[in-house]
Amino acid sequence: MITDIIGLNIDSFEIVRTVALTSFAGFTSFLGIYMAKKINFSRRAVLALTSFGAGILIAAAIFEMVVEADKLVGLLVTIIAFVSGAVLFSFLDWLAEKKGGGAGILFGMGMDSIPESLAIGAAVGSMGSAAALAILIGIQNVTEGVASFHEMKESNSPLNKIKNIFIATAIISIIPVIMGLVGLFFMKGMETAIGIILALSAGGIFYMLHYDMIPKAHKEKEWLTTFGAILGFILGFGVSIGMG
């Protein structure tokens, strides 16, 4: 057994739990793309879904990341890690834009999933927190998958071929499972590391929200997209408090 090799006291249930949570968080991006292929979403609907996902991410970042990070590492370290996360994700976003088109979108989706998945795996001993975080990220990834499908189809990248979109997304969807297991095996019980990762992730999410998702969702300044964000936040808040 791998747990014997690395000398950790991790039972099979924890491994299955981590795989289940990170699979839900990761493969919902694939589900979103599949839905976008089967359902002819209007541009207005795509923008509303993007706004809904943004509201969920705001709730997840506040209640499941920043608040939890403050409990684990304190206010000062949380602030430093939060700002560092924003700077790091701005650099990753620059790389994604440099790649351009569908490849850049997929690159961004893959990089976004790493810190959240590590946090889920490392926090798996606290079932409520880990489950709530996975559920919120998973729901948001459905909306991201829908929006990404439409963006990739409109791009000039070779990834605008439907088959290639599905293959690339399926590969990226495996990342949360891998990173979640890394977190479980190597970071379980390391509260300081978990807290820093949560704050880093929250900073990156807030950067992404205000640089990309929110401006994109409100490009046409319609009331429907605003209420999408409100509903998303209410859902995120309810899941976080209900499972906290």
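Extension gain for LYS153 to SER84 (0.36 nm times residue separation, less C-alpha to C-alpha distance): 21.5 nm.
Excluding ligands, DNA and RNA, the accessible surface per residue across the range 36-99 is 52 Å² with a 1.4 Å probe. What the phi angles of the range 39-53 give under the Karplus curve with 6.51, -1.76 and 1.60, with θ = phi - 60°, is a coupling list of 10, 7, 5, 6, 4, 4, 5, 4, 5, 5, 5, 4, 5, 4, x Hz, glycine and proline written as x. A Förster distance of 35 Å, applied to the separation of the beta-carbon atoms of MET190 and ILE230, puts the FRET efficiency at 0.45.
The values are calculated or read from the model by the stated rules, or taken from the named source; none is laboratory data. Because the structure is a prediction, the values reported are computed rather than measured. Note that each Cβ is placed from the backbone with ideal geometry, even for glycine, and that neighbours are counted across all protein chains shown. All accessible areas refer to the heavy atoms of the entire protein, side chains included, with ligands and DNA or RNA removed. Shrake-Rupley method; radii C 1.70, N 1.55, O 1.52, S 1.80 Å.
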